[in-house]
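We did not get these values from a lab; they are worked out from the coordinates using the rules stated. What you see is a predicted model; the values in this text were computed from it and never measured. Cβ placement follows ideal geometry from the backbone for every residue including glycine, while neighbour counts extend to all protein chains displayed.
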Amino acid sequence: MPDLWECQRTGALRAHEGFTVKIWVDADACPKAIKEILFRASERTGVAVTLVANRFTQAPTSPFVTLLQVPQGPDVADDEIAVRCGAGDLVVTADIPLAARIVEKGGVALDPRGRVYDAGNVRQVLAMRDFMDSMRGSGEQTGGPSAFGAREREAFANELDRLLARARKDR
């Protein structure tokens, strides 16, 4: 998190002052276009964005953006995000089990396609994911997600703006 002098120097003092929400990004699978939206939002609002990945990921030089590189292994990045995330934080992930863990801690998860996972829907989404996983395990062809494009980028940007505005209002 940037110090007061850095906030004054960059002009982000007002946006950063008292704005305690943090954004954690499951960065290994996050589309580049989504990361760019997050980088712009962090500069505009002064909110801290931490990219968590098990391999090097490009990040701009910014007092608001950091990269946390974790060891290789299944769910290592997910586990690190779940441990570090606090109540009120926002996690950007397409991983539904991680989203459920975040919601249990009082956070909110946002899918790169713009779907919000919160206490009102994450259990149902997780149950559907588990059901589809068992269908695939039995040999059923279930298909995959649609292509990622402009509509998904716009939905993500709109939800991110809404969540950040709500966080700012709640402080």
Inter-label distance for D75 and D28, nm, one decimal - labels placed 7 Å from Cα along Cα-to-Cβ: 1.2 nm
Estimated inter-spin distance, R40 and K169, nm [label 7 Å along Cα→Cβ]: 2.3 nm
Once you have the Cα-Cα distance between V83 and L68, take 0.36 nm times their residue separation minus that, and quote the gain in nm to one decimal. 4.1 nm
Cross-link reach list, lysines versus K32, counting only Cα pairs under 26 Å and skipping chain neighbours closer than eight places: K22
